[in-house]
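In what follows, a structure is listed as structure tokens, so that the remarks can point back to it.
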């Protein structure tokens, strides 16, 4: 039986500033970085064989902070070009202290289009809470010039099936560190959440979801 860990990145600076980040790079906030130790403790001593993440700095910093607090191995980053692995990334010169960490933009946050950089509270005051909530959480409604959750699903889930699920079937324990909406897409797939119900799924900063995987079946662990 293999294990899957899904971790939302720690709080970033733009999260602290209440701004729409999307694909805009911004680092972890001090508050977010300071939570790394407690989040690492929620793994309860479990280890993993491979990590997947996105090139957004808040995700990569989260990987570094979490693995540093776990204290066993160091992430060795391999960047996948368009979700494709280069031949040189199959090299075997990896020490026992290295933790293969694959980076792909397929796991990026939802592209928020014209909302990126805007203050969330100001945006709600301008467009209304219900409309902004639809832009952020519904499956089919996209923000102006941006991606819907369905768009995110179309890029994140095929990547997940090709790489992460393949590793799970080989008996590996996997950690995916990503942004809110790419993780929501993966959870939608794993738990078979309907298009209508996905709007209710919220993951806090540093939220960790654990699954057991055996014979192609996912079983969610109920406690951390």
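Brief remarks on what is shown
- Residue check for residue 164: closer than 25 Å to residue 35 by Cβ and in a helix (DSSP H, G or I): yes
- Residue within region 113-124 that is within 19 Å of the chain's Cα centre (by Cα) and not in a strand (DSSP E or B) present: yes
- Checking every residue in region 97-115 against the condition of being surrounded by fewer than 13 Cβ atoms within 10 Å (Cβ to Cβ) and within 28 Å of residue 71 (Cα to Cα) gives at least one match.
- Among the residues here, residue 148 does not qualify as more than 26 Å from residue 99 (Cα to Cα) and in contact (Cβ under 8 Å) with a residue 60 or more places away in the chain.
- Whichever residue in region 140-158 is under 13 Å from the mean Cα position of the chain (by Cα) and surrounded by 23 or more Cβ atoms within 10 Å (Cβ to Cβ) and, among such residues, is nearest to residue 67 (Cα to Cα): 156
- The set of residues in region 91-112 being farther than 19 Å from residue 52 by Cβ and either more than 24 Å from the chain's Cα centre (by Cα) or in contact (Cβ under 8 Å) with a residue 40 or more places away in the chain (or both) consists of 92, 93, 95, 96, 111, 112.
- Counting only helices (runs of 4 or more DSSP H) that sit completely within region 1-65, those holding 3 or more residues that are farther than 21 Å from residue 111 by Cβ and modelled with pLDDT of 95 or more correspond to 30-34, 36-41.
- Of the numbered criteria (1) in contact with a helix residue (DSSP H, G or I) (Cβ under 7 Å, 6 or more places away or on another chain); (2) part of a loop (DSSP other than H, G, I, E, B), the one residue 72 fails is (1).
The values are calculated or read from the model by the stated rules, or taken from the named source; none is laboratory data. Small disclaimer: the values here were computed from a predicted structure and weren't measured. All Cβ positions, even for glycine, are placed from backbone atoms using ideal geometry, and neighbour counts span all protein chains on display.
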